[in-house]
Amino acid sequence: MKITTSMTPAGICTIAVIGDLDIYAAREFHSILTSDFENNLSGLTSVIFDLDKMESIDLSAMQLIMQVQKICVENDKDFRVIGRNALIKEFILLTSSDVVVEDRGSKTSVDVSSSVDIGARRQECSGCDHLYVSIRFDRQIFKYGLNPLCCLQSLRESNQILSVKLITSAAPEGLTMEPELCYFGLELTCTPNTSADEISKAFELLLDDCTLETIEPAAPLSEYALLLKTRRAEWEEVESFLLTSKTLLPDQLQVVHALSLLSASEEKNYSTQPKADAPLTENIERQQLETSKLDKLIDLMGELVISSAKNKLLISQVDNARLNESSAMMSRLVEELRETALTLRLIRIGDVFRRYRRVVSDGGQKRGKKISLTIGGGDAELDKSLAEKITDPLLAIFRHAIDHGIECVAERLKRGKAENGVINVKAYHESKSIVIEVADDGVGLDKNKIRDRAVILGLIDKNQKLSESELFQLIFKPAFSMDDKSTRISGRRDGIDFVKTAIETLGGSVAVFSEKGSGTTFVIKLPVAAAILDSFLVDVDKHLYAIPLNMVLDYIEINEKTKVEFIEQKAIRFEGEVLPLINLSDLFQAPEKSVRQKNILIVKYGRDKAGLLVDDFKGEYQAVIKPLGDILQKVRGFSGAAVIGSQELAMVLDIPGLIQSKCAKEERKFKSTTQDNDDYRIH
C-alpha cells in the first residue's frame, strides 16, 4: 500500500492510494490525512481522493474518508472521489451522501440517488414489505482483523440488498478518531424473501463482536419503536434512512415516535396483533452489569484486602486467643469474598480466540496460503481487562505466523506437508495462572540465521555464546528484523518487540520454542485475575520484595542445623539438582548491606529453578498490585509494585526475567564472577 499527496497553488489537494486501503494501513492513512489535509485546511479549496489504483477498501478506511467529506462540507470545501467503477459503486452504496463521485472510465459524475441500481430495485417493495437490519460493531473489531464490508459481499452478489447506510453519529469530531477503532454502524434493507437466518449467516464471523437486530416484513410499528429506544443517540440518521429506504412512511414514523415515548405498561397494551399472556414472573438467571461498577467493586475489594492484612498484622502482636480466632475467621471470609469478586470479571478465553478466525483466513489468502485456525481450551477463564489487553499481542503473533511461519502451498507440498497450514491456539490453567500457546506447523525459526542477522544488526558480538532460548528471545528486540522491508500482513518488521513488553506489563511472560522445519510455539503465561496478588514477602537490606506465590517452590532458613552445599557462591545443590544462586543484595546494589545470615528462597518458572539469597522471610501476604509508572516502566528486575497490609510498598520481582538472565549467564560460563549480574543490575 502506498499513499501520495499533492497540492496545487490553487489549493487543490489530491490524495492517491495504490494497493489495499485496509486496517493494516489505517494508522498511516490517518497520519497523512492529519498532516496534509487537516493541518492545511484553511488554504484548501478542494479535496480529491484518487482511488484509481486502489485494490480494495475496508470500513476502517471508509470512515476516515467520510470524516474528511464531513469536514469539507462543514468548511465549504469541494470534495470528490475518482477511481475505478467497481470501487466507486461500493463507496456510493455505503455513503448514500451528496459526495461527487467520478468514474474515470466514463469521465462522468454519478448520481448518488440512483447508484448501483438500488433505486430500481426499491420500487419492487413498498411500505414495510422488506426485511430491515440494524448492526452495531464492537469498537475493537478492526484490531481482530475483521472487515464488516466483506460480510456484505454474499448479500450483494445475490442481489438481496435494497439499500445500505453507514451510521456515523458515534464518530468523534474531525480526525480525532482512533484509526484502528470502529465508530460506524450499518442500517440496511433486504428483499422480502431474505430471512433473518441468512443475515446471521452472512455476518457469522462477526456475531460475537456486534449486535444485530432484524425486523421482519410487515412487522408491527412497536418493533421499530423498540429499535428507536436502542438507537436514540443515532436516531436522526436512522430516521432519515427509514424514510429514504421507504421502510416507513412519514405518518408511520410519527406513530413510532409516539410509541417510543410510552411507558412499558402502555406499550405492552399497544399491539396490532393479539399476544399470549406473558407469565407474571420470570426466572432471571443473568443480569448485565456495567464494567465501571465491576471495576469499582474490585478497587474496593483491594482496599478491603489491605485493611484485613493490616488488622491481622496488628492482632498478631497481641496475645489474645479469641481476638486471633476472630481475625482468622475474618481473613477467610475476605479471601472468599475476594475470590468471588474476581470471578465476576472472568470471561471465557475462547470468545477472544474466535475473533481471530477471519484474521487467519483473510491473512492467508492475501499471502497466497491456505491456513486454518484450531482452538483448544476455550472454556478457560481470564480477567476481562487482561483479555482486552492481550488482543494486540495475540494479533501480532498470529500475523507473524501468517507472514513468516506458514509456507505457501507449493513449498509445503515440496516438504511433504499438507497443503493447508494450521495455527493452533489453546489455553489452560496452571496454578493461579493461565497459559496461552500459539503454535504453527510452518518453517520454524532458524537459529543460525537469527544469530547471523543479530550480528549484522549489532545486537550481539560475533563470538558471543547464546543458548537456544536466548537466540529465540532476540526476535523480541526492537531493532531485530530478518528482512529489510516491512510486510503488510504483519504490519511491522519481523521484530515483535511490543509483544514481550505488553505481556510483561500485565505481569506475565512469553517464551518461544521452535524446531526448524516443524513450526514455532509462543507460550504466554498470565495471572488469571489482575489487581490482587498472593505473594511471598522477603527482606533484603531493609527493603521488602514480593514474589508471586505460585512461583515459590520452597525456602531454606540457614542456621547451625541446616547444611547447604554452595558451589563457588554461584549455585547451590537442592534435592539433587544444581540451581543458580541469585544474590539480591548484590543485584540491587543496596548502599547499606545487611550483615545478617542469609536465607534462600527457591523459585521456579516453567522448567527452570533458582535460589534467591535474601535476609529474612516475611511470609505470605495478599497484596494489591499497582502498575509501575512511566519512569520505572523500563527498569528491569521488577514487574510491578505491591501495597501490603502495613501500608508499606514492596516491589514485585520479575522472577522469569531473573531466572532466564541467570541461567543464560551460567550456560555461557562467564570467566569473571563480577560479571554475574551485570545484564540485570539496576543502576
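Element breakdown for region 2-95 at a 1.4 angstrom probe: carbon and sulfur atoms account for 50% of the accessible area.
By its C-alpha gyration tensor, with a ≥ b ≥ c as the square roots of the eigenvalues, how is region 135-213 shaped: rounded for a/c under 1.5, else prolate for a/b larger than b/c, else oblate? The shape class here is prolate.
Cα-Cα pairs above 19 Å in region 2-95: how many percent? Could the numbers behind the result be given before it?
On the way: 1488 of 4371 pairs.
Result for the distance tail: 34 percent.
Rounded, prolate or oblate: which fits region 164-252 when a ≥ b ≥ c are the square roots of the eigenvalues of the alpha-carbon gyration tensor, with rounded for a/c under 1.5 and prolate only if a/b beats b/c? Before the final figure, lay out each step's value.
Details: a/c = 2.15, a/b = 1.27, b/c = 1.69.
The shape class here is oblate.
Charge dipole (Cα centre; +1 on Lys/Arg Cβ, -1 on Asp/Glu Cβ; no other charges) of region 291-371 amounts to roughly 1100 debye.
Here the calculated FRET efficiency for Ser316 and His429, from their Cβ-Cβ distance with R0 = 25 Å, stands at 0.15, rounded to the nearest 0.05. The Kirkwood radius of region 283-344, taken over pairs of alpha-carbon atoms, gives through the Stokes-Einstein law at 10 °C and 1.306 mPa s a diffusion coefficient of 119 µm² s⁻¹.
Does region 348-527 come out rounded, prolate or oblate by the C-alpha gyration tensor, with a ≥ b ≥ c the root eigenvalues, rounded set by a/c under 1.5 and, if not, prolate when a/b is larger than b/c and oblate if not?
Details: a/c = 1.73, a/b = 1.15, b/c = 1.50.
The shape class here is oblate.
Distance cut-off 31 Å, Cα to Cα: go down the list Lys369/Lys389; Lys370/Lys500; Lys369/Lys609; Lys561/Lys662 and report the pairs above it. If you can, show how the numbers build up before the last one.
Numbers: Lys369/Lys389 29 Å; Lys370/Lys500 28 Å; Lys369/Lys609 41 Å; Lys561/Lys662 29 Å.
Lys369/Lys609, as the Cα separations exceed 31 Å there.
Under 5 Å from the amide H of Glu55 lie the amide H atoms of Gly19, Asp20, Leu21, each residue being 5 or more positions distant or on a separate chain, with H modelled from the backbone and absent for Pro and chain starts.
Over region 14-84, Cα pairs under 8 Å with separation of 6+ residues give a relative contact order of 46 percent.
Note that region 455-466 has calculated 3J(HN,Hα) couplings of 5, 4, 7, x, 7, 9, 7, 4, 9, 6, 8, 10 Hz, one per residue in order, obtained from phi through the Karplus relation 6.51 cos²θ - 1.76 cosθ + 1.60 (θ = phi - 60°); glycine and proline are x. Each residue of region 187-199 was assigned a 3J(HN,Hα) from its phi angle through the Karplus curve 6.51 cos²θ - 1.76 cosθ + 1.60 (θ = phi - 60°); the sequence is 10, 8, 10, 10, 4, x, 7, 7, 9, 4, 5, 5, 5 Hz, with glycine and proline shown as x. Put a plus charge on the Cβ of each Lys and Arg, a minus charge on the Cβ of each Asp and Glu, and nothing anywhere else: the dipole of region 2-95 about its Cα centre is then about 120 debye.
Near the amide H of Phe574, within less than 5 Å, lie the amide hydrogens of Leu579, all on another chain or at least 5 residues away, with H placed in the peptide plane. Per-residue surface analysis assigns His543 an accessible area of about 100 Å², computed on protein heavy atoms at 1.4 Å probe radius. Gain on full extension, evaluated as 0.36 nm per residue between Val564 and Glu28 minus their Cα-Cα distance, stands at 187.0 nm. Taking all protein chains into account, the per residue accessible area for region 283-344 stands at 80 Å² (1.4 Å probe).
Rolled with a 1.4 Å probe across the full set of protein chains, the surface gives Val334 an accessible area near 10 Å².
Here the 3J(HN,Hα) profile of region 4-11, calculated from phi with Karplus coefficients 6.51, -1.76 and 1.60 at θ = phi - 60°, is 10, 10, 9, 10, 9, x, 7, x Hz, Gly and Pro shown as x. Amide H contacts for Ile558 (H built 1.01 Å from N in the peptide plane; partners 5 or more residues away or on another chain; cut-off under 5 Å): Ile600.
Over all pairs of different C-alpha atoms, region 291-412 has a mean inverse distance whose reciprocal, the Kirkwood radius, equals 18.3 Å.
The values are calculated or read from the model by the stated rules, or taken from the named source; none is laboratory data. A quick note: this is a predicted structure, and the numbers were derived from the prediction, not measured. Using ideal geometry, Cβ is built from the backbone for each residue, glycine included, and neighbour counts are taken over all protein chains shown. Just the protein is used for accessible areas: all its heavy atoms, side chains included, with ligands, DNA and RNA removed. Shrake-Rupley method; radii C 1.70, N 1.55, O 1.52, S 1.80 Å.
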